[in-house]
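Shown next, in structure tokens, is the structure this report addresses.
The values are calculated or read from the model by the stated rules, or taken from the named source; none is laboratory data. All of these numbers come straight from a predicted model, not from anything done at the bench. Here the Cβ positions follow ideal geometry from the backbone for every residue, glycine too, while neighbour counts run over all protein chains shown. Areas reflect the complete protein model, heavy atoms only, side chains present, ligands, DNA and RNA absent. Shrake-Rupley method; radii C 1.70, N 1.55, O 1.52, S 1.80 Å.
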Amino acid sequence: MPHPPYPAPIRTDGSNAFARRSMAERVSGIFQEVLVRNPDYPTAIQDNVQALRDAIENDEPLTLFDPPAPDHDLWTRRFEPHEEESWLDTTWFFAETFAYRQLLAACRYWTTQRDPFHPYKKEELHSDELRDAVGEALTKGGTLRERLGHRLVDCLWGNRMDLSMQSVLEQGTSAKAEHLLSNDVPEVVDHLMEGPAGHVHVIMDNAGTEEAFDLALAALLLEEDIAQTVTLHVKMAPILVSDVLGKDVFWLLNVMEKYGAPLDRLASRVRACIEEGRLHIVPDFFWGTDASLREIPSRLEKPFRRAQLVISKGDANYRRITNDALWPEEATLADAAGPFPAPLLALRTIKSDTLVGVEPATVRRLNQEEEHWRTKGTYGVVQFAS
Ligand SMILES: O=P(O)(O)OC[C@H]1O[C@](O)(CO)[C@@H](O)[C@@H]1O
């Protein structure tokens, strides 16, 4: 039976307050901070970034960057449905991902190979949270099932360490039980422990602390032969401030090796898994666009079809699952994901309005109790669509 049509994605036209504020204020503020954090940018780049900020704030018509660029064909297709639209009257996920892509053009990223968010990532890599929270998590004991369950929850709350939202970052990675609004950990642990060891794919999110928790999960899956291989799907280019690039993985390993036990041991275990050919890192332009998970190209769909589990990390990738839409309260992750070719696990701290799979009574209670509960990054979900 054909999948029911997706609800329409959230727009920046004011119909959704957070989307509007994100595009009209937050993103422009982040781009201003990029100039502050990169004081040595030449005047031409500073002027380019300021012009982009002005275009967004003034709701100018959307325009596509010029070729040559390695992802020009991909963005030409993404841009087409929005040709007649403007920054503050288009779909939010397109506006946001496209704004970050235009920032790379403004910063001459492909020529300079300089990550505009390098200063942010460097600061987070040298934060107490990385050393203390990950260090503590690595010393948690228990049965293999318990340790696997802990790792999955650690990966969820590691998603708070998102440098695009300071108010979320400041909450750190510790959370209360009531902050977990959907908890499919037992089902996922059963799925991983009881099935044959196969191929686990992680659609990665933030570099630094979140990534360290993800590497700890990967190491456990591989060393305990729960998985044959783990593939980390990373961004091909910087986006959303702290999203992880391939080179950021090795940067983290180098930093963890300097922290001493237990982080240095995790780093050496991860390097061993890479050298043994069981841990892979694959970048793709696809993850930097607004494309929904149902639009994955065959270069991703084919390996996912053979996957034991695909783990989607974070809020932006969750928006990719739900088409960044507002769903009926009874909708589940499986409804939103549609005919996805593998068992799918979403580990997401809630930083935007799209949400499925949470008890309607819980949603109604929180709507009564906390006005901005969907965008403050306090709550999270572990949702499994087998
Ligand atoms: O790193 P994450 O978890 O994808 O969070 C980034 C998300 O935060 C947002 O501001 C949503 O509130 C968007 O930029 C993006 O969806």
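Taking a ≥ b ≥ c as the square roots of the Cα gyration tensor eigenvalues, the range 257-328 comes out prolate, since a/c reaches at least 1.5 and a/b is larger than b/c. Size estimate for the chain follows the Kirkwood approach: the inverse of mean 1/r over distinct Cα pairs works out to 21.2 Å.
Could you tell me the relative contact order of the chain? Use alpha-carbon pairs under 8 Å, at least six residues apart, and round to a whole percent.
On the way: 645 pairs, mean separation 71.7, N = 386.
Value for the chain: 19 percent.
Partners of Lys376 within straight-line reach, counting lysines whose Cα lies under 23 Å from its Cα and excluding those fewer than 8 residues away in the same chain: Lys121, Lys176, Lys313, Lys351.
Filter the trypsin sites (Lys or Arg not before Pro) in the range 251-312 to those in DSSP coil with at most 14 other Cβ atoms within 10 Å of their Cβ, and list the result.
Working: sites: Lys258, Arg265, Arg269, Arg271, Arg278, Arg294, Arg299, Arg305, Arg306; in loops: Arg278, Arg306.
Within the range 251-312, the qualifying trypsin sites (Lys or Arg not before Pro) (loop, at most 14 other Cβ atoms within 10 Å) are Arg306.
Taking a ≥ b ≥ c as the square roots of the eigenvalues of the alpha carbon gyration tensor, the range 17-116 is oblate, as a/c is not under 1.5 and a/b does not beat b/c.
Work through the residues other than Asp54 whose Cβ is under 11 Å from its Cβ and net out their charges, Lys, Arg +1 and Asp, Glu -1.
Working: positive: Arg53; negative: Asp47, Glu57, Asp59, Glu60.
Net charge around Asp54: -3.
Share of carbon and sulfur in the accessible area of the range 143-385 stands at 51%, probe radius 1.4 Å. Can you give the longest run of the chain that contains no GluC sites (Glu not before Pro) sitting in a DSSP loop with at most 16 other Cβ atoms inside 10 Å? The longest such stretch corresponds to 85-169.
Entry note, the chain: the mean residue ellipticity at 222 nm calculated from DSSP H runs of n ≥ 4, each adding -39500 (n - 2.57), is -13000 deg cm²/dmol after division by the residues and rounding to the nearest 500.
Dividing the radius of gyration of the alpha carbons in the range 233-380 by their Kirkwood radius gives 1.02 for Rg/Rh.
In plain terms, if you count all Cα to Cα distances in the range 62-101 and split them into 5 Å steps from zero, the share in each step is 6, 25, 37, 23, 9, 1 percent.
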